[in-house]
Amino acid sequence: MRIGIDLGGTKIEAIVINEAGDEIARERIDTPKHDYKGTLEAIEQIVETVEKKITEPNNHRRATVGLGIPGSIKKHKKVVQNSNSTWIIGKNIKKDVEQILGRPGRVANDANCFTMSEARDGAGLGYGLVFGVILGTGVGGGISFENKIWNGPNSIAGEWGHNPIPWADDHINNTISTEIECYCGKKGCIETFLSGAGLVKTYNDLGVKSSASSINTPELIVKRFEDGDKVAQKCLEIYASRLARSLAYVINLVDPGAIILGGGLSNISYLYATVPELLKRWVFTSELSTPLLKNQHGDSSGVRGAAWLWP
Ligand SMILES: [Zn+2]
């Protein structure tokens with residue numbers, strides 16, 4: 001049995017996969033934010049809970065544990081870097097999780113787990129080189145080639161969320177700041193625009209000008225968009241344009257067989273209807289054929305990929 005855990009900024013999710021590859025248990029709890037010790041205890045608790053579900057009395061079989069985290073493990077110092085869950089930065093989370101669970105664990109970047117899951121038997125199956133994108137609390141990416149994740153010597157392959165947003169925001173000149181500060185210490189990172197918080201900020205910035213009431217979740221923007229709200233329409237138009245420009249960068253660099261979207265914002269169907277057309281304006285070919293696909297395993301992709309960290 002394999003346990004996969006997805007340590008998100010808001011939720012911690014765990015699943016158990018049996019030998020046949022079927023999911024047999026699942027659990028979800030809130031992430032203790034800004035509390036490293038609490039996060040470790042929550043991981044211990046969720047493993048205990050799912051393990052109870054799968055264990056028969058007097059049969060104390062223990063499953064392998066794979067953990068997907070926002071961020072990655074530094075190669076030499078073995079501590080977490082580049083995490084928007086900033087309270088795990090600088091921590092040896094692999095060692096600490098192994099200690100608290102009393103067994104060896106495997107840890108990987110959450111976008112890599114997502115990409116692995118989709119490339120292995122999801123929307124990316126058969127596309128060779130897959131670029132998996134997480135659009136959620138954070139913005140990250142993973143690169144899989146022939147079902148193998150390319151991690152890179154710095155463990156940062158695919159971390160395109162911390163490149164600057166490409167090409168100027170020509171259609172919204174000066175209406176919205178493009179110099180938003182990112183937790184990484186730089187300004188204008190793709191993540192500050194394409195994350196859930198980035199989308200909400202765009203809506204509220206636009207809303208100030210049209211006195212629309214402010215909102216605090218991406219889901220509400222989508223709801224208002226569906227209800228014909230003009231600010232929400234403009235907001236998603238800008239978001240789609242930014243996503244297209246950001247992905248054009250990736251296509252020009254590695255020309256993936258397919259791009260798979262994941263994370264909460266990947267549920268916005270408007271993106272699949274608009275971004276492929278918008279991409280044509282920015283990529284270095286007049287014959288763009290890169291499919292932009294929605295993930296197949298939904299919210300489960302991250303945890304599935306984490307579970308598959310153990311072969
Ligand atoms: Zn950044």
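The values are calculated or read from the model by the stated rules, or taken from the named source; none is laboratory data. What you are looking at is a predicted structure, and each value in this text was computed from that prediction instead of being measured. Methodologically, a virtual Cβ is constructed for each residue, glycine included, from the backbone with ideal geometry; neighbour enumeration extends over all protein chains shown. For accessibility, only protein heavy atoms count, side chains too; no ligands or nucleic acids. Shrake-Rupley method; radii C 1.70, N 1.55, O 1.52, S 1.80 Å.
Is at least one residue of the stretch 10-19 closer than 19 Å to W310 by Cβ and open to solvent by 50 Å² or more (accessible area, probe 1.4 Å)?
yes
Would you be able to tell me the number of residues in the stretch 134-170 that are open to solvent by less than 70 Å² (accessible area, probe 1.4 Å), at pLDDT below 95 and of a type in the set (S, T, Y)?
The total comes to 1.
If you check N109, N92, which single one turns out to be surrounded by 22 or more Cβ atoms within 10 Å (Cβ to Cβ) and not acidic (D, E)? Spell out how you get there, then give the answer.
Numbers: N92 fails: surrounded by 22 or more Cβ atoms within 10 Å (Cβ to Cβ).
Answer to the check: N109.
Across the stretch 258-275, what is the total count of residues that are closer than 16 Å to G132 by Cα and surrounded by fewer than 18 Cβ atoms within 10 Å (Cβ to Cβ)?
Result for the stretch 258-275: 2.
Just name the residue that is farthest from the ligand (Cβ to nearest atom) out of those in the stretch 189-225 that are aliphatic (A, V, I, L, M) and without any contact (Cβ under 8 Å) to a residue 40 or more places away in the chain. Write out each step before concluding.
In the first step, residues of the stretch 189-225 are kept if they are aliphatic (A, V, I, L, M); the result is 190, 194, 197, 199-200, 206, 208, 212, 215, 220-222.
Subset that is without any contact (Cβ under 8 Å) to a residue 40 or more places away in the chain: 200, 206, 208, 212, 215, 220-221.
Details: V200: 17, L206: 23, V208: 25, A212: 28, I215: 24, L220: 25, I221: 22 Å.
So the residue we want is A212.
Working carefully through the options K37, K74, K78, find the one that is of a type in the set (K, R), at negative phi and exposed (fewer than 15 other Cβ atoms within 10 Å of the Cβ). Steps first, please.
Working: K74 fails: exposed (fewer than 15 other Cβ atoms within 10 Å of the Cβ); K78 fails: at negative phi.
Unique residue meeting the criteria: K37.
Assuming G264 fulfils every condition listed in (1) at pLDDT below 95; (2) more than 19 Å from the chain's Cα centre (by Cα) apart from one, which condition is it?
Condition (2) is where G264 drops out.
Any chance you could count how many residues in the stretch 214-230 are open to solvent by 70 Å² or more (accessible area, probe 1.4 Å) and farther than 14 Å from A197 by Cα? Quick ask: steps written out before the conclusion?
Start the filter on the stretch 214-230 by keeping residues that are open to solvent by 70 Å² or more (accessible area, probe 1.4 Å), which leaves 214, 216, 219, 223, 226-227, 230.
With farther than 14 Å from A197 by Cα added as a condition, the list becomes 223, 226-227, 230.
Selection size over the stretch 214-230: 4.
Of the numbered conditions (1) out of contact with any Pro (no Cβ under 8 Å at 6 or more places or on another chain); (2) under 26 Å from M116 (Cα atoms); (3) free of Cβ contacts under 8 Å to residues at least 60 places away in the same chain, P32 satisfies every one except a single condition; which is it?
(2)
Restricting attention to the stretch 238-257, which residues are open to solvent by less than 10 Å² (accessible area, probe 1.4 Å) and among the polar types (S, T, N, Q)?
Across the stretch 238-257, the qualifying residue is only S246.
Quick one: count up the residues across the stretch 117-133 that are open to solvent by 10 Å² or more (accessible area, probe 1.4 Å) and modelled with pLDDT of 95 or more.
Kept after step one, since they are open to solvent by 10 Å² or more (accessible area, probe 1.4 Å), are these residues of the stretch 117-133: 120-121, 123, 125-129.
Checking which are modelled with pLDDT of 95 or more leaves us with 123, 125-129.
Result for the stretch 117-133: 6.
State whether one or more residues within the stretch 279-296 are charged (D, E, K, R) and either assigned to a strand (DSSP E or B) or crowded, with 19+ Cβ neighbours inside 10 Å (or both).
Initially, the stretch 279-296 is screened for residues charged (D, E, K, R), giving 280-281, 287, 294.
If we keep only those that are either assigned to a strand (DSSP E or B) or crowded, with 19+ Cβ neighbours inside 10 Å (or both) too, we end up with 294.
Within the stretch 279-296 (the criterion being charged (D, E, K, R) and either assigned to a strand (DSSP E or B) or crowded, with 19+ Cβ neighbours inside 10 Å (or both)), the answer is yes, since at least one residue qualifies.
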